[in-house]
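Below is one structure; the comments refer to it alone.
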Amino acid sequence: MEQPVVMGVMPEVVPEQAFSSSTINASKPDDCYSTKSLPGVWNNIAGIGNDLKKKNIQVQTVLDKRIVNNGVIWRCGLTPDGSFTVNALRSRWDYRTPLTNKNFHWIKEIPLKVSCFIWRAQWGRIPTAKELVKRGVNMENLTCQMCNVKEETADHILVDCAYAKKVMEGVMRWCKVHTHMEDLQAVSDVLNLANKWGTCTKKRKIFLVICYSTLWRIWIARNEKVFKRNRLPPEKVIEYVKLVTFLWVKNKGIKMNLIWANWSQCPFFF
Ligand SMILES: [Zn+2]
């Protein structure tokens, strides 16, 4: 464990001495900061370590210490030059979600924008009608435009909606994965199913790719309806999922000799 900072050692940010996060000591935040030794705003930051942790923000990101030859330097990881600003912390605070058990896999075969979308969707942070209202947008109608029955939330539009269920059901049939559709009500239910499915790691990864792609294509279909008044038949969405996942898996990393004729029948015939 590092020694606590001694009163009098200057906890000064030295931008030119800013260091890479890869060199950060992995000590627990509480171990490597002494609130007594930090003046002013730095003291406050160290003092709210527990609050930051609840928001899944590492104290080291906001304020980090490095021992150098002539003493200690401090750096704020929220700004390019290492200096602290309240705005930078505020932005990070608003962006970060609370720490929970949700487990998310970033898969290299999946385009980053799709992974980011799914990551945000499982937290409900995609621009559904309900979410837009929360952000202060004036919406006349909060009802899901795919079923006209329930309020449009991320979990509803992507999983719980009758339209989404039809698409998901078709995809599960194609994958020959037997599951009770009524058990799937939220994005996290779909991700949990995929994360635990089967015993073959390679097949599970492909199934995850397919599930991400399905959620993504359902959202594209929703946008097509909301913005272009065009309702894609679920069968069409299922065909898109088959085609897109074939291209992703074949071209983006999982080294396999895939044949479309087989893939279109079932993605696990190999
Ligand atoms: Zn709906």
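Every read-out reported here was derived from the displayed coordinates using simple, explicitly stated rules and does not represent laboratory data. Since this is a predicted model, take the numbers as computed values, not measurements. For neighbour counting, all protein chains shown are included, and Cβ atoms are generated from backbone atoms with ideal geometry for every residue, glycine included.
Looking at the range 197-207, is at least one residue crowded, with 20+ Cβ neighbours inside 10 Å and of a type in the set (Ser, Thr, Tyr)?
Within the range 197-207, not a single residue is crowded, with 20+ Cβ neighbours inside 10 Å and of a type in the set (Ser, Thr, Tyr).
Within the range 70-87, identify whether any single residue is more than 16 Å from the ligand (Cβ to nearest atom), farther than 26 Å from residue 52 by Cβ and either loosely packed, with under 14 Cβ neighbours inside 10 Å or under 24 Å from the mean Cα position of the chain (by Cα) (or both), and answer yes or no.
Yes.
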